[in-house]
Amino acid sequence: MTQTVVAERADAPRRATRPSQGGGGTGLGAAFTHGDAFTRGSAVVMGLGNLARRQYAKGAMFLVVEAGFLYLLVTRGLGQLTGLGNLGPVTKGGQHWDADGNYVNVNPTNSVARLLYGVAWVFAIVAFLLVWASAVRSAYRAQELARATGRAPSLRDDVRELGDERAHQSLLALPVVGIVVFTILPLVFMISMAFTTFDKNHPVAFQWAGLSNFATVLSPAGSAAAGVSLGLFLRVLAWTLVWAVFATFLNFFLGMGIAMLILRRGTRLKGMWRALFSMSIAVPQFVSLLVINQMLQDQGIVNQLLKNWGLIDHSLPFFTDAWWARGTVIIVNLWIGIPFTIMQITGVLQNVPGELYEAARLDGANWWQLYRSVTLPYVFFVLTPYLIVTFTANINNFNVIYLLSNGAPTRVGESAGQTDLLITWLYKLTVDQGNYNVGAVIGIMTFVVLGVTALITYRNSGSYKNEEELQ
Amino acid sequence: MTAIPQATPQASAILPDAPAGASPASAPVTGGERRRRFVADTATHVFLGVLALAWLIPIVWIFMESFNKNTLPFTTTFFPTEYTFGNYTKLFTDTSVMNFPRMFMRTLVIAVFVCAIQLIFVLCVGYVMSRLRFRTRRPFMNTALVLGMFPGIMAVIAIYFILKAMGLTGSSLGTMVGLILVYSAGSGAGFYVMKGFMDTIPASMDEAAVLDGCTRWQVFTKIILPITKPMLVYQAIIGFLTPWLDFVLVKVIARTQDNYTVSLGLWQMLQKEYIAEWYTRFAAGAVLVSIPIAILFIVMQRFYQSSMTGSVKG
């Protein structure tokens, strides 16, 4: 109910200003159909309309932005944009005598820089187009307001508006720039690498390669040089999903079991047990993972002690046998994950309405039936969003795999180990092996799978649909 | 491990505390019932004890190793045979091979900046998404959701090239600025928890403020911010901890040892070239880093839980 109030409040200023704008709206289309010469001229000389309505500061700002952008575009941008067409014209560096008899040093083209500058200019052009559109709209708005009220809003009015009706623009400006430059630009840049020959054989100068990298990763034969093939991709994908299912649900159910054991009536010192189990959360994950990795080495303390006690003759192959390694990472991940589950679930279990249990018990339900029909449905209802988040986080659980097993064991000639996830494989392909193009293909695959499934599950989850019910 | 049924063979044993008081189970119990309950209680405590031990062993072990006089990583006994405090002093005095104090200071400076920037960004975006309604709100939230699922690792190499093009990878100061940017610039997308908290502040509070002539900026700074204090502490600690816990991004971006942060330095100590000499110093460093982080973590939990009980009491 309060929600409608919020909506009205947000709409109020807009409704108040709309009639004074002559009913033409504030869109670009309206600006061109109803705008006068100055307004239309703003599409060519940005800020013209504002200057004509005596909004000098605003007009000058638009003009400076346009001039600066055009200057940079002509002096640098055009060259760097056309550089996108041919990423690596000079493939080999060296020294030679040129036609005039001078001894010259030729460097191979820095294709990474070319690609990056090209992509960055595409971003810059999109950003400029947004400024351009706002300049035209602003000119039209100034025209309409000048006609209706005799004068266009002054600079002070605009600043006040940015603090009030358009507070979202001023508050979001910096965070959005940060996200665009350090999250979206790298992703686009990374994606564009998938269509090039940027690998360990072409570390400096490379060329566009179309879809051939996708063909390499998805062909049964694959590429021996990069150590990728369809079979390997499917194996890593399957293990990633198996891992995510185990890491999410095993943690969830065992954590719930321990939480219930601590909560059960006869258990003493409940606070102490909870504290003991949450100590591992407070230790930084990379520290505990590195320590456990050391403990489980062939010569590590676990194998040494077992040998000392005469329980085994040979070291247990924690990270040297594929199935042992898979079991090890899943079990160690329980050590990491169960405390988080206990923390999450204890409160939820305590909130299960007592009368539900009572009613069920009066009907003669045993403990299993109580658990199945009362506890589980309630816990799932509350914790489904948490499970979805955990599942996607586990698909990308870089730390546990990289620090614990580092993908080991790895077969000769394969770029991914038996416990590598898509994300650690991608990391190895790019950072360790320098096969950026194939790594980028794997990244895109992960991107597509994750993005689609997550968006679908989120949109169908209650917390997304009922967001507004909270207020 | 099918622990649940084994350890709790009884019908009533598995039930939580709350409903038990009013249940028929509180009726007088027979001797057989009492014996069975005693067995179940004992089994539960033994089981929890064994599990707790498994949870503590790695932590105890690394703590003991940090006092081990024998610097070799592979020992044959669980507890050290000879104890020394030298690992801690050497970590800070012997800076010729690895400069731990320098790494520590660098991480601290980065952490302070990241904390401040993240806090500002998350607060701004959280407020806007919770309180203001505008055309691009839903698209923005969906984009942030999708972006949130792609960890920095995915494009880490692209981020490195971007920093390089900005000239932020060579010098020691440049790397520091680069790391601060990498840790904080995209943090605006992580506004969901903050927004969730602000959603619990009744809309009537800002309506009253607007009627009194507050602009939306003033509502933000004068009404919402003060109420958000518990969440502010939570967010500040998260931001502060980011550079202490990350080692993936810094591993790609800080290429020389002069530019390392603590986590990368500790990781480096366990590499083949160093481990024989540095293993116990790694343990000492791990203990030193873990203690403040653990304290901050416990404080953070406290504030998080108190903020989950709602923003405005009564």
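The values are calculated or read from the model by the stated rules, or taken from the named source; none is laboratory data. Remember, predicted model here, so these are calculated numbers, not experimental data. Please note: Cβ atoms are built from the backbone with ideal geometry, for glycine as well, and neighbour counts cover all protein chains shown.
If you take the residues of region B:89-105 that are aliphatic (A, V, I, L, M) and surrounded by fewer than 18 Cβ atoms within 10 Å (Cβ to Cβ), which of them is nearest to B:Ser66 (Cα to Cα)? Selected residue: B:Val97. Here A:Val287 qualifies as among the β-branched types (Val, Ile, Thr), under 32 Å from the mean Cα position of the chain (by Cα) and within 8 Å of chain B (Cβ to nearest Cβ).
Given the condition on the phi < 0 side of the Ramachandran plot, within 9 Å of chain A (Cβ to nearest Cβ), among the polar types (S, T, N, Q) and in contact (Cβ under 8 Å) with a residue 12 or more places away in the chain, answer yes or no: does some residue in region B:167-179 qualify? No, region B:167-179 contains no residue that is on the phi < 0 side of the Ramachandran plot, within 9 Å of chain A (Cβ to nearest Cβ), among the polar types (S, T, N, Q) and in contact (Cβ under 8 Å) with a residue 12 or more places away in the chain.
One line per residue, one yes/no per condition, for (1) within 18 Å of B:Thr261 (Cβ to Cβ); (2) at pLDDT 90 or above; (3) under 19 Å from the mean Cα position of the chain (by Cα); (4) part of a helix (DSSP H, G or I):
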| site | (1), (2), (3), (4) |
| --- | --- |
| B:Ala155 | no, no, no, yes |
| B:Ile162 | no, yes, no, yes |
| B:Gly170 | yes, no, no, no |
| B:Leu173 | yes, yes, no, yes |
| B:Val182 | yes, yes, yes, yes |
| B:Gly188 | no, no, yes, yes |
| B:Met194 | no, no, yes, yes |
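Taking region A:354-399, which residues are among the charged types (D, E, K, R) and buried (at least 18 other Cβ atoms within 10 Å of the Cβ)? Within region A:354-399, just A:Arg361 meets the criteria.
Of the residues making up region A:129-144, at least one is of a type in the set (Val, Ile, Thr), modelled with pLDDT of 85 or more and surrounded by fewer than 18 Cβ atoms within 10 Å (Cβ to Cβ). Name the single residue that is surrounded by the most Cβ atoms within 10 Å (Cβ to Cβ) among those in region B:130-148 being more than 8 Å from chain A (Cβ to nearest Cβ) and more than 18 Å from B:Met198 (Cα to Cα). Top of the filtered list is B:Gly148.
Take the conditions (1) surrounded by fewer than 19 Cβ atoms within 10 Å (Cβ to Cβ); (2) facing chain A (nearest Cβ under 10 Å); (3) under 20 Å from the mean Cα position of the chain (by Cα); B:Ala203 misses just one of them, which is (3). Please identify the pairs in which a residue from region A:95-106 that is part of a loop (DSSP other than H, G, I, E, B) and loosely packed, with under 10 Cβ neighbours inside 10 Å has its Cβ atom under 8 Å from the Cβ atom of a residue that is modelled with pLDDT of 80 or more and hydrophobic (A, V, I, L, M, F, W, C), counting only partners at least 6 apart or on another chain. Final answer for the pair search is A:Asp98/A:Val104. Scan region A:424-454 for residues that are out of contact with any Leu (no Cβ under 6 Å at 6 or more places or on another chain), facing chain B (nearest Cβ under 10 Å) and buried (at least 24 other Cβ atoms within 10 Å of the Cβ) and the total you get is 7.
Taking the condition in contact with a Gly (Cβ under 9 Å, 6 or more places away or on another chain) and within 11 Å of chain A (Cβ to nearest Cβ), does B:Phe121 pass?
Working: in contact with a Gly (Cβ under 9 Å, 6 or more places away or on another chain): yes; within 11 Å of chain A (Cβ to nearest Cβ): yes.
Answer is yes for this residue.
Take the residues in region A:127-163 that are among the polar types (S, T, N, Q) and in a helix (DSSP H, G or I), then tell me which one is nearest to the other protein chains (Cβ to nearest Cβ). Explain how you work it out, then say what you get.
Start the filter on region A:127-163 by keeping residues that are among the polar types (S, T, N, Q), which leaves A:134, A:138, A:143, A:149, A:154.
Right, trim to in a helix (DSSP H, G or I) and you get A:134, A:138, A:143, A:149.
Values: A:Ser134: 13, A:Ser138: 16, A:Gln143: 22, A:Thr149: 21 Å.
My answer is A:Ser134.
Here A:Leu116 meets each of (1) at pLDDT below 85; (2) within 14 Å of chain B (Cβ to nearest Cβ) with one exception, condition (1). Out of all the residues in region A:244-273, which are in contact with a Lys or Arg (Cβ under 8 Å, 6 or more places away or on another chain) and touching a residue at least 40 places away in the same chain (Cβ under 8 Å)? Scanning region A:244-273 gives A:Ile262, A:Leu263. Screening A:Pro409 with (1) under 20 Å from A:Ala238 (Cα atoms); (2) crowded, with 22+ Cβ neighbours inside 10 Å gives one miss only, at (2). Of everything listed in (1) touching a helix residue (DSSP H, G or I) at 6+ places or on another chain (Cβ under 7 Å); (2) more than 9 Å from every other protein chain (Cβ to nearest Cβ), the single unmet condition for B:Ala276 is (1).
Being touching a residue at least 60 places away in the same chain (Cβ under 8 Å) and among the polar types (S, T, N, Q) is the filter here; which residues of region A:274-302 pass it? Answer for region A:274-302, where residues must be touching a residue at least 60 places away in the same chain (Cβ under 8 Å) and among the polar types (S, T, N, Q): A:Ser278, A:Gln285, A:Asn293.
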